[in-house]
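Undergrad: Take this structure first; my questions come after.
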Amino acid sequence: MKKIRIGSIGLGRLGYEHAVNIAARVPGAELKALCDVDKEKLRNVAGQLGVEQTYEDYEQMCKDPELDAICIVSPSDLHTKQIRTALDNGKHVFCEKPLDTTVEKCREAEQIVAAHPEQVFMLGFMRRYDYSYRKAKEKIDRGDIGRIILIRAYTQDPLATIESTLKFAPHSGGQFLDMCVHDIDLCSWFTGGQKPKELWAVGGCFAYPQYRELNDGDNVSCLIQYEDETMAFLFAGRAAAHGCNVETEIIGTKGTLRIGSVGTDSMLEVLSENGVCRECYPDFMYRWHDAYIAEMEEFVNCIREGRKPGVTVYDGTLASETAYRCKESFETGKKLSFREN
């Protein structure tokens with residue numbers, strides 16, 4: 001079968017990762033074009049990856065008849081507009097999370113995707129494609145741990161990246177949308193699409209008061225109860241001293257599943273005068289490297305096989321809507337129903 005020719009927009013850190021994966025690590029894919037507003041970066045990355053076709057204008061790239069699909073890794077508030085442009089030009093679309101920066105735009109994206117049923121649309125919730133999380137999902141679906149009682153999830157960014165994190169903060173949408181959204185999606189996935197019933201979010205600025213100016217915190221948490229009474233506790237932290245740390249625990253009536261109890265990048269142990277140490281993942285790119293490749297492989301395979309991926313546009317809306325209700329609860333200090341009565 002012919003390779004799926006992909007044009008990718010956005011060459012930030014994650015955009016670069018996707019571009020490299022498409023160019024060299026995803027079977028059946030060809031990185032045919034790149035788009036970015038930074039001319040120098042665009043030229044350098046295109047040269048490095050051997051991509052001849054480059055664009056500074058996204059709409060022009062979407063009109064390229066040699067492209068089969070578009071990978072969107074641009075600022076989140078552009079996603080819905082860019083999804084429309086790509087689909088209207090007959091392209092399949094992979095879009096990074098979040099779906100967009102408001103629930104209204106997310107619902108608009110739902111309508112756009114629904115209007116193009118012949119094309120593949122996939123949202124970048126890469127944790128669903130991580131090997132450990134896939135194994136956990138299989139065990140849950142098989143009934144190995146019985147009925148889920150509680151999902152506990154921690155997501156912590158490393159202190160080493162706090163400078164870039166602070167720069168991104170005004171455009172991130174806040175911790176619940178930027179960080180917790182992955183855990184929120186996992187909760188929905190593990191519970192078979194359950195929606196929240198009630199939630200309560202708290203947090204504060206424990207180390208970086210700059211977040212207070214954005215009505216955000218550097219460490220936040222939320223407690224969610226779903227429609228079937230399943231509980232979830234989510235914690236997100238911006239500056240973990242030990243490195244990137246992601247933990248997930250699913251407690252059931254017949255057993256418990258635990259992923260990433262220690263956020264380590266290998267089985268290596270260092271024995272020294274400091275004791276016994278294991279090195280943690282330096283950042284999220286290292287932790288989810290294989291998952292980013294796996295999700296792009298799934299996107300390409302869906303196009304080649306004429307099927308739709310498990311992650312849908314509706315999953316994106318649900319995750320964003322939940323994140324925003326958590327943000328509202330955090331800002332008001334009130335326990336909220338998921339949807340207003």
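Undergrad: So if I check each of Ile145, Ile184, which one is over 22 Å from Ser329 (Cβ atoms), modelled with pLDDT of 95 or more and not charged (D, E, K, R)?
TA: Numbers: Ile184 fails: over 22 Å from Ser329 (Cβ atoms).
After applying the criteria, what remains is Ile145.
Undergrad: Tell me, yes or no, whether the range 148-159 has at least one residue that is at pLDDT 95 or above, at positive phi and open to solvent by less than 60 Å² (accessible area, probe 1.4 Å).
TA: Looking through the range 148-159, none of the residues is at pLDDT 95 or above, at positive phi and open to solvent by less than 60 Å² (accessible area, probe 1.4 Å).
Undergrad: List, please: which pairs have Cβ atoms under 8 Å, are six or more places apart or on different chains, and start with a residue in the range 213-229 that is more than 18 Å from Gly174 (Cβ to Cβ) and of a type in the set (Ser, Thr, Tyr) and end with one that is crowded, with 21+ Cβ neighbours inside 10 Å and modelled with pLDDT of 95 or more?
TA: Tyr226/Cys187; Tyr226/Pro196; Tyr226/Ala232
Undergrad: Considering only the range 112-127, I want to know if a residue exists there that is open to solvent by 10 Å² or more (accessible area, probe 1.4 Å), aromatic (Phe, Trp, Tyr) and within 14 Å of the chain's Cα centre (by Cα).
TA: Within the range 112-127, not a single residue is open to solvent by 10 Å² or more (accessible area, probe 1.4 Å), aromatic (Phe, Trp, Tyr) and within 14 Å of the chain's Cα centre (by Cα).
Undergrad: Further question on the same structure: Looking for something in contact (Cβ under 8 Å) with a residue 40 or more places away in the chain, under 13 Å from Met126 (Cβ atoms) and part of a helix (DSSP H, G or I) - is there at least one such residue anywhere in the range 299-307?
TA: Among the residues of the range 299-307, at least one is in contact (Cβ under 8 Å) with a residue 40 or more places away in the chain, under 13 Å from Met126 (Cβ atoms) and part of a helix (DSSP H, G or I), which makes the answer yes.
Here's the yes/no breakdown for (1) over 24 Å from Asp290 (Cβ atoms); (2) in contact with a Gly (Cβ under 8 Å, 6 or more places away or on another chain); (3) in contact (Cβ under 8 Å) with a residue 60 or more places away in the chain:
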| site | (1), (2), (3) |
| --- | --- |
| Pro27 | no, no, yes |
| Asp36 | yes, yes, no |
| Arg43 | yes, no, no |
| Gly47 | yes, no, no |
| Gln53 | yes, yes, no |
| Gln60 | yes, no, no |
| Leu87 | yes, no, no |
| Glu110 | yes, no, yes |
| Tyr131 | no, no, yes |
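Undergrad: Under 7 Å between Cβ atoms, which residue pairs at least 6 apart in sequence (or on different chains) link something in the range 181-204 that is without any contact (Cβ under 8 Å) to a residue 40 or more places away in the chain with a partner that is open to solvent by less than 10 Å² (accessible area, probe 1.4 Å) and in a loop (DSSP other than H, G, I, E, B)?
TA: Going by the 7 Å Cβ cut-off, the qualifying pairs are Gln194/Thr230; Gly204/Gly217.
Undergrad: Taking the range 70-80 as the region of interest, how many residues are open to solvent by 10 Å² or more (accessible area, probe 1.4 Å) and touching an Asp or Glu at 6+ places or on another chain (Cβ under 9 Å)?
TA: Narrowing the range 70-80 to residues open to solvent by 10 Å² or more (accessible area, probe 1.4 Å): 73-78.
Checking which are touching an Asp or Glu at 6+ places or on another chain (Cβ under 9 Å) leaves us with 73-74, 76-78.
So the answer is 5.
Undergrad: Looking at the range 180-191, which of the residues that are of a type outside the set (S, T, N, Q) and open to solvent by 10 Å² or more (accessible area, probe 1.4 Å) is farthest from Tyr324 (Cα to Cα)? Write out each step before concluding.
TA: Initial filter on the range 180-191 (of a type outside the set (S, T, N, Q)): 180-187, 189-190.
Right, trim to open to solvent by 10 Å² or more (accessible area, probe 1.4 Å) and you get 182, 189.
Working: His182: 13, Trp189: 19 Å.
So the residue we want is Trp189.
Undergrad: Same structure, new question: Report yes if some residue within the range 266-284 is open to solvent by less than 50 Å² (accessible area, probe 1.4 Å), modelled with pLDDT of 95 or more and within 30 Å of Leu159 (Cβ to Cβ); otherwise report no.
TA: Within the range 266-284, not a single residue is open to solvent by less than 50 Å² (accessible area, probe 1.4 Å), modelled with pLDDT of 95 or more and within 30 Å of Leu159 (Cβ to Cβ).
Undergrad: Within the range 16-25, how many residues turn out to be open to solvent by less than 40 Å² (accessible area, probe 1.4 Å) and either basic (Lys, Arg) or in contact (Cβ under 8 Å) with a residue 60 or more places away in the chain (or both)?
TA: Step one: filter the range 16-25 for residues open to solvent by less than 40 Å² (accessible area, probe 1.4 Å), giving 17-22.
Right, trim to either basic (Lys, Arg) or in contact (Cβ under 8 Å) with a residue 60 or more places away in the chain (or both) and you get 17-18, 21-22.
Qualifying residue count, the range 16-25: 4.
Undergrad: Quick one: in the range 219-258, which of the residues that are among the charged types (D, E, K, R) and not in a loop (DSSP other than H, G, I, E, B) is most open to solvent (accessible area, probe 1.4 Å)? If you could, list the steps in order and put the result at the bottom.
TA: Keep residues of the range 219-258 that are among the charged types (D, E, K, R), which gives 227-229, 238, 247, 249, 254, 258.
Among the residues that remain, those that are also not in a loop (DSSP other than H, G, I, E, B) are: 238, 247, 249, 258.
Details: Arg238: 5, Glu247: 31, Glu249: 20, Arg258: 148 Å².
The residue in question is Arg258.
Undergrad: While we're on this one: Counting just the residues of the range 236-256 that are at pLDDT 95 or above and of a type in the set (A, V, I, L, M), which one comes out nearest to the chain's Cα centre (by Cα)?
TA: Checking each candidate, the answer is Ala236.
Undergrad: With the condition kept exactly as written, say whether any residue in the range 326-337 is within 30 Å of Ala114 (Cα to Cα) and under 19 Å from the mean Cα position of the chain (by Cα). Please lay out each step first, then the result.
TA: Start the filter on the range 326-337 by keeping residues that are within 30 Å of Ala114 (Cα to Cα), which leaves 326-328, 337.
Subsequent filtering for residues that are under 19 Å from the mean Cα position of the chain (by Cα) retains 326-327.
Looking for residues that are within 30 Å of Ala114 (Cα to Cα) and under 19 Å from the mean Cα position of the chain (by Cα), one finds at least one in the range 326-337, hence yes.
Undergrad: Picking from Lys135, Lys139, which residue would you name as being over 17 Å from the mean Cα position of the chain (by Cα), under 16 Å from Trp288 (Cα atoms), surrounded by fewer than 18 Cβ atoms within 10 Å (Cβ to Cβ) and at pLDDT 95 or above?
TA: On the way: Lys139 fails: under 16 Å from Trp288 (Cα atoms).
It is Lys135.
Undergrad: May I pose another question? I'd like to verify a number: residues in the range 36-57 that are surrounded by fewer than 22 Cβ atoms within 10 Å (Cβ to Cβ) and either of a type outside the set (A, V, I, L, M, F, W, C) or modelled with pLDDT under 95 (or both), how many?
TA: The number of residues fulfilling the criteria is 15.
The values are calculated or read from the model by the stated rules, or taken from the named source; none is laboratory data. Note that this is a predicted model, so its numbers are computed, not measured. A quick note on method: Cβ atoms are made from the backbone with ideal geometry, for glycine too, and the neighbour counts reach across all protein chains shown. Note: accessible area is taken over every heavy atom of the protein model, side chains too, but ligands, DNA and RNA are not part of it. Shrake-Rupley method; radii C 1.70, N 1.55, O 1.52, S 1.80 Å.
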